[in-house]
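Working notes, beginning with the structure itself.
The values are calculated or read from the model by the stated rules, or taken from the named source; none is laboratory data. A quick note: this is a predicted structure, and the numbers were derived from the prediction, not measured. Every residue, glycine among them, receives a Cβ derived from its backbone with ideal geometry; neighbour counts consider all protein chains shown. In case anyone asks, the SASA skips ligands and DNA or RNA and just uses the protein heavy atoms, side chains included. Shrake-Rupley method; radii C 1.70, N 1.55, O 1.52, S 1.80 Å.
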Amino acid sequence: MKYVLAGASGFLGTALTRDLVADGHQVVRLVRRPPTEPGEIRWNPARGDLDPAALGDPDVLVNLAGANIGRPWTPTYRAVLRESRVSTTSTLANAAAQLDRPPTVITQSGVGGYGLDCGDRVITEDSELGDGFLADVVRVWEGALEPARAAGCRVAAIRTGIVLDRKAPAFRLMTLPFRLGLGGRLGSGNQYFPIVSLTDWLRGVRFVAEHESLSGPVNLVIPHPATNREFTEAVATALHRPAFFPVPAFVLRTVLGEFAWELIGSNRALP
């Protein structure tokens, strides 16, 4: 199939491109600079610029673009987080709506949209989105798919937990304290911690792309949710490091502000 990827240069985009090409699929990458090689198309999502004619006849459009969420959410950066996701999804959806043959349109999203602290409540795709900044971002992020949906495209939003891989930036950051011998649970450690391996993420995205019966939100997390305490013990065991230094919740809130709830909130999402 022919895939068009936004955010192809990021960690997930690079992995998905490699995986697709290895299986013989064609991948076109959207770039914000002048193209330097075949298989690149220039776009400007901040202005909504993407020439539908340049896309040709794609089967699947995938948006993985978005500013890094792992930074303190200052008022200015909140706007960046929101705009980087909404403008890219909207630009891709509007271009898809103008194609002669409606493609499948997939956007990355997040299980954080269900709320930052859902306790022990089991969360499925039928669960309503929650309150707070991330939930609001997810609403408008996924809502930006509407032009493609209205034009007859199949659209899906991949609501993902933290994607883990040895080379993943998030995993490297999370395991750094353990490598220094300072690892430990975060907060109480009893909060559910939505994660998924890179391999499962790749297979999940491709499963959605290849199955016409799937649309709307799709949770992509491990089937047996782990608590932060369980995750901490597993990382410590795998790295052969101690986990004696818990980080109190108030310290995380002081240092990270509202983003701390991404780490100490509980999200028991099921795929």
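Considering all projection directions equally, how large on average is the shadow of the alpha-carbon convex hull of region 1-158, in square nanometres? Working shown, then result.
Numbers: hull surface 41.0 nm².
For region 1-158, averaging the hull's shadow over all directions gives 10.2 nm².
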Built amide H within the under 5 Å cut-off of N219, gap 5+: E125, R159
Within a Gaussian network of the chain (alpha carbon springs, distance under 10 Å), most fluctuating of L16, L214, L239: L239
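So for each of 17-26, 55-64 I average, over its residues, the number of other beta carbons within 10 Å; can you give me the resulting order with the highest mean first? Show your work: numbers first, answer last.
Details: 17-26: 14.0, 55-64: 21.3.
Packing order, densest peptide first, comes out as 55-64, 17-26.
Considering Cα pairs under 8 angstrom that are at least six residues apart, work out the relative contact order of the chain and quote it in whole percent. Walk me through the numbers on the way to the answer.
Values: 532 pairs, mean separation 52.8, N = 271.
Rounded, it is 19 percent for the chain.
Counting heavy atoms of the protein chains only and a 1.4 Å probe, report the per residue accessible area for the chain as a whole number of Å². Could you put the intermediate results ahead of the total?
Values: 12930 Å² over 271 residues.
Dividing the accessible area of the chain by its residue count gives 48 Å².
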Net charge contributed by nearby residues that have their C-beta within less than 14 Å of A46 (K/R +1, D/E -1): +4
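Only bridges whose two residues both fall in region 1-55 count here: according to DSSP, what percent of them are antiparallel, nearest 5?
Beta bridges within region 1-55, antiparallel portion: roughly 10 percent.
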Helical mean residue ellipticity (222 nm; -39500 (n - 2.57) per DSSP H run of 4+; nearest 500) of the chain: -11500 deg cm²/dmol
Dipole in debye (nearest 20) - region 71-204, about Cα centre, beta carbon charges: Lys, Arg +1; Asp, Glu -1: 620
Nearest 10 degrees, 0 to 90: helix 198-210 Cα axis against the chain principal axis: 30
A8 long-range amide H proximity, modeled H, under 5 Å: L30
E40 long-range amide H proximity, modeled H, under 5 Å: R29
Dipole in debye (nearest 20) - the chain, about Cα centre, beta carbon charges: Lys, Arg +1; Asp, Glu -1: 860
